[in-house]
Each structure stands twice: as structure tokens, then as C-alpha cells.
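Working notes, beginning with the structure itself.
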Amino acid sequence: MRFDYTLILSRAPDILAALGVTVYVWLVSLAGAAALGFAVALGRRYGPRWLNGLLVAYVELFRGTPFLVQLFLLYFGGPYVGLSLDAEPAGVLALSVYGGAYFSEVFRLGFEAVPRGHIEAAQCAGFSRTQIVRRILVPEMAVLTLPAAINLAVSLLKDTAVLSVVTVPELTLTVSTIGTEFYAFVEALFLLALGYWGLVEIAAALGRFAEGRLARFRFA
Amino acid sequence: MTPYLFLLLVKAALYTVAISAAAIVIGVSLGLGVAAARASPNPLLNWPARAYVSFFRGVPLLVQLLLIYNLLPVVGLNVPSVVAAVAGLALCTSAYQAENLRGGFASVPKGLLESADMLGLTPWQQLTRIRAPIAFRLTLPAVVNEAILILKASSLVSVVGVVELTRMAQDLDTSLFKPIQLYSAAGLLYFLINRGVAGFGRFAEQRLAWGAR
């Protein structure tokens, strides 16, 4: 077998644009998933009982079914209930809702891991409940959950590849299309795999850097 | 959703279970080998194992599946797509399972091995009587968790033309135009299977809990 990468590399501008789409979709979904997960974790901690039941159902359903099925349900089923989305917004929405379920579990466990003594001390010092949440609970939870959140972020980056199935023009779709055009599918996929490997390693290294910077806030 | 359609989905779900089970069994076996290599002090074994784990955990499963599916014919292996699919799932999960198993073996208390040394157990006896059973019990929760992840990830093999649960729902949808019912039913089946596996995992954990008799 002979590899010829020059043909594929002649399409570098397209590949760079696709890399941009992958990173953009990843970052937007990551922000959406983290925000949703945070809201769900707060809702489960402070919300009424009926809300907790609803949120548990959301988390269990979205963690118990494949992302691909969720994506198909939204993208192909959405138009039947008046939710016609283009591939990219549908992909971002699906990835956010899917990731949100995982983030909510991480944040919920993080809230539970905040030492009771810290909260009691704040109560004794006359902090209101909002102040306790803002000044004690959330910052300590953020430090405690950072490693798990970084893992989730990296795994979300890999999940963006699934969006190629509903024609989001990200890396996987673009590079495999180029591979088909040049009849060099295997070469293209090798390049793609190496590219993702590099991306994931970079993301993980950034995560380790952030962890190192925040290590001085660690208390337990 | 007619009962007949649902039955088709259930049959496809059984196929999903079979593919995942095959991938999990092969993946754990491969993972055991990789974990052993990774724990070896010999850099010639150690480094390839590290690269293996890093690669298969660093590349999206979909890309791995596409690569294997298209690579096998190029190197002269004309196998049915389901073989490529199981191989892809197994390779990917073996990297994760290797890390789980490595952690399990590393957490076997040193004192137990020292006692075994004192009693004159050979290294092989130590492995089969002490290290492996304890590591297995310590690793079980992580292995079950990974099995559930693989069950869900097996939906991706629909992309390389294996007609498992997701692909069945997709194929039915192309002729029936009932995406909401079909994908909801498929999702429900995945959910139930996962619940079953999780329940079995908890049961096995209780039965095998370290020190329980």
C-alpha cells in the first residue's frame, strides 16, 4: 500500500475551515452543556421535589441512550413538531443537551463534596443563602470538579465527529469527502485520526495547565 | 408504532446486544494484554502500550470505525462489515479497559503480596490466587460502566452499514417517515438494555464484594 498525502494536503484551506467548524461547534456546545448542567445541578439541589423528579428523568434518559439516536430524534423528528433546524444548530443543541446531562452529575456531586463545615461557618458569619451559593458553594465546587469537567470537555470534542452523520461540515465529514473525491479514503482517514489525536492531546494539555494554575485554590 | 414494527426493533436490539457483547469480551481480553504490557518495566513493551492507549482514547470512535472498515479491504481482508464493526468497538474499548484493569492491579494491597511471598507462593500462584481475583473485583464497577458506554457507542456502527438497532430505526424511517416514534422506541430499548446491564453489574458487585462470602 502506498500513501500519497500531497493530493489531500492540496485541499488544506478546506480542511482548516473544517477544523474551525469543529472547534467552534465544540466550544459552543461545551458552553451550552456546562451552563445547562450547572442549572440542572442547582435545580436538583434547591428546587422543589417535582422539579427534582423531572431533572432526574432528563439526566437518566440522556445518559442512558446513544447520542446518535438523540441527534436523529432532534434533526429528523424536530420538523414534525415545528422545530426545523439546520444541521449545525441542531448538532450544537443536541450536543449541549447531551453533555448537559453529564455535566449536571459532575456538578451535583461537586456540590455534595463541599464540606458542610464551610457552609455552616458561612451561616454563622451571617451569610445569606444566595451569598453562600455565590461565595462558598460555587467556587469550591468549581475547583473540586475541574478534573472531571476537563475529561468531559475532551470527550465532547470527540463526540463532535458524530455530527458528520447529519452533514455538519466539520473535520470528519470534510476530510472523508475529500478522501472520496481523490479516491484516497484510507489516507484521508489516517490523517484525520492523527489530527484528532493531536487535538485531543492539545485539549488535555490545556486542561492540565488550567488545573495546575487553579491548584493553589485546592483545599481538600 | 405497530406491534410488528416494534418487534423488528426488538430483534435489531438483540443484534446490538450481540455486537456489544462480542466487542466487550474481546476488548477486555485485549485490554488485559495491554495492561500487562503497560505495567511492564521493559520500555519496549511499555511505550507501545502507552501509545496504543493514547491513540484509541484520543481518536473519535466514529473515525476509528470508518478507518478500520475501509482499511481491512485495502490490506486484503474482505470481511463482512459486522466484523469490522466489532473489531473497531473492541479496539477502542480495549484501551479504556486496559486503564481500568491497570488501576485494579495497582490497587491490590502490597501487604497481601508480601504475606504470599512469606508463605512461599510462586509468582504464578500469587497472580492466579491473589492478584487476579482481587484486581477483578476492584475493576468490576469500571468494567460494567465501560460495557454500558460500548452499548451506547455501538449505535455508531450503523454508519458502516451494520443493521443494528439505530440503523433499523433509520431504515424504517426512510420508508415510513415516523422519526419521532421510531427513534423514541429505539432510545427506549437502549435505555432498558442499559438499565438491565447496570442492574446486573450491581448484583455481581454485591455477590463478589471483596471479603463477602
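The values are calculated or read from the model by the stated rules, or taken from the named source; none is laboratory data. Predicted model, so just to flag it, every value in this text is computed and none were measured. Virtual Cβ from ideal backbone geometry, glycine too; neighbours counted across all protein chains shown.
Within region B:16-44, work out how many residues are closer than 16 Å to B:Tyr190 by Cα and either at pLDDT below 90 or out of contact with any helix residue (DSSP H, G or I) (no Cβ under 7 Å at 6 or more places or on another chain) (or both).
2
Which condition does A:Leu146 not pass, out of (1) crowded, with 18+ Cβ neighbours inside 10 Å; (2) closer than 30 Å to A:Arg213 by Cα; (3) facing another protein chain (nearest Cβ under 10 Å), if it passes all the others?
It fails just one condition, (3).
Let me confirm something: among B:Ala209, B:Ala132, which residue is farther than 30 Å from B:Ala12 by Cα, away from chain A (no Cβ under 14 Å), within 25 Å of the chain's Cα centre (by Cα) and without any contact (Cβ under 8 Å) to a residue 40 or more places away in the chain?
On inspection, the qualifying residue turns out to be B:Ala132.
Residues checked against (1) within 11 Å of chain A (Cβ to nearest Cβ); (2) more than 12 Å from the chain's Cα centre (by Cα); (3) at pLDDT 90 or above:
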position	(1), (2), (3)
B:Ala49	no, yes, yes
B:Leu62	yes, yes, yes
B:Tyr69	yes, yes, yes
B:Leu72	yes, yes, no
B:Ala84	no, yes, yes
B:Ala87	no, no, yes
B:Leu91	no, no, yes
B:Leu101	no, yes, yes
B:Lys110	no, yes, no
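Could you identify the single residue in B:Ser154, B:Ser158 that is over 24 Å from B:Ala35 (Cβ atoms), modelled with pLDDT of 90 or more, surrounded by 20 or more Cβ atoms within 10 Å (Cβ to Cβ) and in contact with an Asp or Glu (Cβ under 9 Å, 6 or more places away or on another chain)?
B:Ser158
Going through region A:106-124 one residue at a time, which ones are crowded, with 19+ Cβ neighbours inside 10 Å and within 30 Å of A:Val25 (Cα to Cα)?
The answer is A:Val106, A:Phe107, A:Arg108, A:Gly110, A:Phe111.
Right, A:Leu173: part of a helix (DSSP H, G or I), touching an Asp or Glu at 6+ places or on another chain (Cβ under 9 Å), surrounded by 20 or more Cβ atoms within 10 Å (Cβ to Cβ) and of a type in the set (A, V, I, L, M) or not?
No: the conditions fail for A:Leu173.
May I ask you to list the residues in region B:65-99 that are in contact (Cβ under 8 Å) with a residue 12 or more places away in the chain, surrounded by fewer than 24 Cβ atoms within 10 Å (Cβ to Cβ) and either touching a Pro at 6+ places or on another chain (Cβ under 8 Å) or polar (S, T, N, Q) (or both)?
Listed by number, the list holds a single entry, B:Ser81.
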